[in-house]
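Structure first, commentary second.
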Amino acid sequence: MSRHVIVVGGGVAGTAGAITAAVHASVTLIDGGTGASTLSTGAIDLVPWTEAPATAAPLTREVQQVLRALDGYCVPDRGALVLTGAGVVRPARGHDAALLDVAPVASGRVGVVRCGRSGWDADALARAWGTRFVAVDATVLRLDGERVLPDPDFAARHDDDDRLGWLADRLREALARSGGAFSALVLPPSLGVERARADALSRRVGLPCGEAVGMPGGPPGLRFERARDRALAGAAVTRLRDRAVSVERAGDRWRVVTEGGDRHDGDSVVLAMGGLLGGGIEYAPSEAALASVLPPAARPALRLSIQAPVVLGSHGRALELPGSLFGVPPESLAPPFARDALLDRAGVLAERNGAATGIKEGDIFAAGDLVADAPRTWLASLSAGVQAGAAAAGDAAQRAGAVRSIA
Amino acid sequence: MDESEPFSVRPPPAVMRVAERPLEADHVDAVVVGGGINGTGVARDLSLRGLRVALFERNDLAFGASGNSSGMIHGGVRYLSRAPKVTESSCRDSGYIQRTAPHLLFRIPFLMPLRSGPTARLMLELVDAYFRAYDDFQPLKRGEPHCRLDPSDLARLEPGLVGAVVGGITFDEWGVDGARLCVLNAIDAIENGARLHLHTTVESIGRIAGNEARGERYVVEARDRMTQRRVRVRARVVVNATGAWSPITAALGGLPQARTRVRPGKGIHVVLDRRVTNYGIVSEAIDGRQMFLFPWQNVSVIGTTDDDYYGDLDDVHATSEEVRYLVQGVARVFPSVREARAIGTYAGVRPTLFAFGKNEDELSREHAVVDHTGDGAPGVYSMIGGKLASYRMFAQELCDQVLPREFDSNAACTTHVRPLPGGSRVPDALDLAAKNGVTPVAARRLVYRHGERAPRVLECGATTRGGHELDVTCPCEPVLESEVRYAVREEMARTVDDVARRTRLGLGACGGMRCAARCGQIIARELDLPPAEGCAMARDFLERQARARVVALGPEQARQEALALAHVRASLGELR
């Protein structure tokens, strides 16, 4: 009988863990719904871009495999340059395939499509991004109501081939009308939800076309969900739409109990429910729960959103009880008061391969934003997921191998 | 009383120049220092009476106490037993403000529950009698007479109230957006010839010798803190209306600080994400101080503290200690407030009249005009103390004193009848929404802030390329792009913070995550600044707001903070 890995969390870390583990083990992924990955805006980094080194670090083979499986991300060796709606041109290690990377467009003007979408002020953006950017008039809306349609709904219209063809025709007309020479076109978040349609559009227009980075909750997050669903199905991972409530010992295995009351036993568990943003960690000040004049007991400011025998902390140290019945003063927890703030760093204390510290058997792993002191970035989560998945399955595979050799 | 009671709108008085003399642009009759409610109020009154006025404000309009008060025009109920005349004039002035800016005022009915106890019944009788006496003054401010409530009434009106009570009473307050009130006074002053210099700090007030005949006695030198440009103005009269900053301003003119001494009292408020009650609720803090939870515009607010302040007046912010003190006090009678989501705090410093050896709450909220003739500075006046509700009266008192003495004028005060900008008629919000294709909520908020001028705001930016003037810039409030442009073009906003003060942009649950960068872009465009400066002012705003929110951090808002931080990092970069 093959060993079994249970992954809790379906964001980028959990997905990477499940795909990697599935190479050697059978995998069940329990996913409670939307988290930080669904809110990601399409620019992906290994280290925060404000600290990014000039040369991008190469990716491991396993990380590349997961990216291939997700099929919707570009991580060029040279890194990328993406455009943000806040008016910043910024380096990124890679990007959702619908985003325009202006790094390869070394020279020439980039057209910013003046399309009439509410909140997309092409002139202001062109001015903010720099002198190479020029606003261009184009018809992008087919119906009047599309002006204020939410980004994901508008993007979904370009899943349709005919509509994308129509858009390509309008953009070509616009280019012809403008008379100028353009090297690329940038649009608001709009190019598909099922998958990124930037390549298909670029081929039809004859120029690189792509989106700018938009708001959280936009099309890139939905495209991630779709890409994940396809990749997990391709890797034969069993999916459960449920919320884990506890991880506990059941004989020599681990048992994950869900909100629906189901029990799933596995040889190892990968926890990847996200951090504070994703919902894996909760800020729970003593005062919030209590209505009396004084709360009866102090408790740590943060807690895991499920019951599990792991230790929360930061800087390698476990969280301590605060010396106040009201909890830690939030000034000491959060930016901008505190640099390197606890809310930004706290998580499950874990080894380099993701193995949660303090577990005797060493087969609970943590990955992604849930891990203490890890960079809260997309690619860091993915590679942590890869490591945890490999370690979780490796452990199972070794045991399976041992059993086989005895037999 | 009839809600739509008409009142006469007099035409603005013909502008009489007090001194008929051709002067360069840097000669004025009066310099007003301070852009709070007293400064803008007095600048308006002086301008309406025909004087040429220049106003200097170190930060922004309503930056200090005026924009950070509880946002109510009190009727002076607390003075009833000691000084009924003050109560009467407070109520009368509240009525005047309602008539001149009807769009800006909204009724806040309050409940005062009385907890059971040995003397509770007696207290209820006393409070009932007290408010019965106050009812005589209510018509002056269109307030409803108070009601006496039994415990079942209280439970029915606010089911969230807990604890044994013997009963309670209701009373009426009027809410106002203090920052808007300052802006309207400032705009009216400008429209009557005043020049306002915001973000411009006065560096010296010097005496001019020998120019008495030309009516000039002082030269005021100031520096624009954003452009570093220097401004120099000559004037006959200087009015120090700088609230808690008064002694600092007085020192610039070489005046003894003791004459303008205030005892700065810090007060903070906690803002909840929605209206959690329909009534204001009076409760008691752990030290017995009275405090309130009240609905205000589209949020609920808890206030307030009163503590001696020794810090930087330009950088006042709430602490988590203060937040916990307030929440604890409300939770005793309204426990579900602990489950409500706090989305921010604001803090200001009261310019309370100085006294040593008293508790903060015992200090006088009265105001006083200090004439500095005795300090060797004739023509210099300081406005000390005061409250938002009495600003108009305070300005009138100063003008009534200064005009005959300094300018030989007896021009009459008109500020009690002349509508503030937008106040002569309140347009129908639904009608405005339908005509302009904006949402009724956006239209309603716009009419609240701008009254009759709301249609003018909607047109602002209509000629800008791209046709984005009706786009929603801040979805929480909501604020339309045209209002942002209007705040810059017509209301002297120069930063994202300034726009937020005028429009409440970015003060909702998302903390400006969705609008600050866009607002910065619009301002940069309007003021012809490099786009990077728009980004920088967005970052400044986001950082300041994050600081104001974090001290009241709860579980839900913590997730929002994580999202905002992630988004801001991804699209703008680190805050610092």
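The numbers here are math on the coordinates, done by the rules we state, and not lab data. None of these values were measured; they are calculated from a predicted model. As a convention, Cβ positions derive from the backbone with ideal geometry for all residues, glycine included, and neighbour counts pool all protein chains shown.
Just in the range A:102-159: which chymotrypsin sites (Phe, Trp or Tyr not before Pro) are loop by DSSP and have at most 10 other Cβ atoms within 10 Å? Here no loop site has a sparse enough neighbourhood. Considering only alpha-carbon pairs that sit under 8 angstrom and 6 or more positions apart, the relative contact order computed for chain A is 23 percent. Summing charges over neighbours of residue B:307, with a neighbour being any other residue whose Cβ is under 9 Å away from its Cβ, gives -3 when K and R count +1 and D and E count -1. Picking from A:164, A:209, A:89, whose Cα lies most toward the positive end of the charge dipole for the range A:74-215 (charges on Cβ: Lys, Arg +1; Asp, Glu -1)? Farthest towards the positive end: A:89.
Neighbours of residue B:128 by Cβ distance under 11 Å: Lys/Arg scored +1, Asp/Glu scored -1, total +1.
Relative protection proxy for A:96-108, B:50-62, B:263-275, from highest mean packing down: B:50-62, B:263-275, A:96-108 (other beta-carbon atoms within 10 angstrom).
Ranked by the mean number of other Cβ atoms within 10 Å per residue, highest first, peptides B:380-392, A:75-87 order as B:380-392, A:75-87. Residues within the reach of a label modelled at residue A:103 (point 7 angstrom out along Cα to beta-carbon, backbone nitrogen below 19 Å), restricted to the range B:535-576, are B:570-573.
Per-residue 3J(HN,Hα) values for the range B:492-500, derived from phi via the Karplus relation 6.51 cos²θ - 1.76 cosθ + 1.60 with θ = phi - 60°, read 6, 6, 10, 9, 4, 4, 4, 4, 4 Hz in sequence order (x marks Gly and Pro).
For the range B:371-516, the relative contact order comes to 13 percent (Cα pairs under 8 Å, sequence separation of at least 6). Sequentially through the range B:564-569, phi angles give Karplus couplings (6.51, -1.76, 1.60; θ = phi - 60°) of 4, 4, 4, 5, 5, 4 Hz, Gly and Pro residues having no value and appearing as x. With label points built 7 Å along Cα→Cβ from the Cα atoms of residue B:107 and residue A:194, find their separation and express it in nm. Result: 5.8 nm between the two label points.
Taking the Cα centre of chain B as the origin, how large is its charge dipole in debye, to the nearest 20, when only Lys and Arg (+1) and Asp and Glu (-1) carry charge on their Cβ atoms? For this selection, approximately 500 debye.
Remark on residue A:132: its backbone amide H falls under 5 Å from none of the residues 5 or more positions apart or on other chains, H modelled at 1.01 Å from N. Just A:240, A:187, A:39 to compare: in a GNM of chain A, with alpha carbon springs under 10 Å, which one fluctuates most? Among A:240, A:187, A:39, the largest GNM mean-square fluctuation belongs to A:240.
Neighbouring Cβ atoms from other chains, within 10 Å of the Cβ of residues in B:546-559, number 6 on average. Per residue of A:121-134, other chain Cβ atoms within 10 Å of the residue Cβ number 4 on average.
Between residue A:131 and residue B:361, the simple spin-label model (points 7 angstrom out along Cα→Cβ) gives 6.5 nm. Would you list, by chain and number, the aspartates and glutamates whose Cα falls below 14 Å from the Cα of residue B:266, excluding same-chain residues fewer than 8 positions away? Excluding near neighbours in sequence, the set is B:306, B:307, B:308, B:312, B:314, B:315, B:321, B:322, B:360, B:361. Roughly how many whole Å is it from the C-alpha centroid of the range B:284-342 to that of the range B:124-155? Rounded to whole Å, the Cα centres lie 25 Å apart. Using Cβ point charges alone (K and R +1, D and E -1), the dipole size of chain A about the Cα centre works out to roughly 660 debye. Here the peptides A:346-353, B:476-483, B:327-334 are ranked by packing, the mean other Cβ count within 10 Å, and the order with the highest first is B:476-483, B:327-334, A:346-353. Computed over chain B, relative contact order equals 16 percent, with contacts defined as Cα pairs under 8 Å that lie 6+ residues apart.
Computed over neighbours whose Cβ is under 12 Å from that of residue B:93, the net charge equals +3, Lys and Arg +1, Asp and Glu -1. Within 10 Å of the Cβ of each residue in A:324-331, the mean number of Cβ atoms contributed by other protein chains is 5. Kindly identify the range A:74-215 as rounded, prolate or oblate by the Cα gyration tensor criterion: order the square roots of the eigenvalues as a ≥ b ≥ c, call it rounded if a/c is under 1.5, otherwise compare a/b with b/c, prolate if a/b is larger, else oblate. Verdict is rounded for the range A:74-215. Just from its helices, what would the mean residue ellipticity at 222 nm be for the protein assembly as shown, if runs of 4 or more DSSP H residues each count -39500 (n - 2.57) and the sum is divided by every residue, rounded to the nearest 500 deg cm²/dmol? Roughly -9500 deg cm²/dmol at 222 nm, from the helical runs in the protein assembly as shown.
For the range A:1-23, backbone nitrogen atoms closer than 15 Å to the point 7 Å from residue A:252 Cα along Cα-to-C-beta are found at A:1-4.
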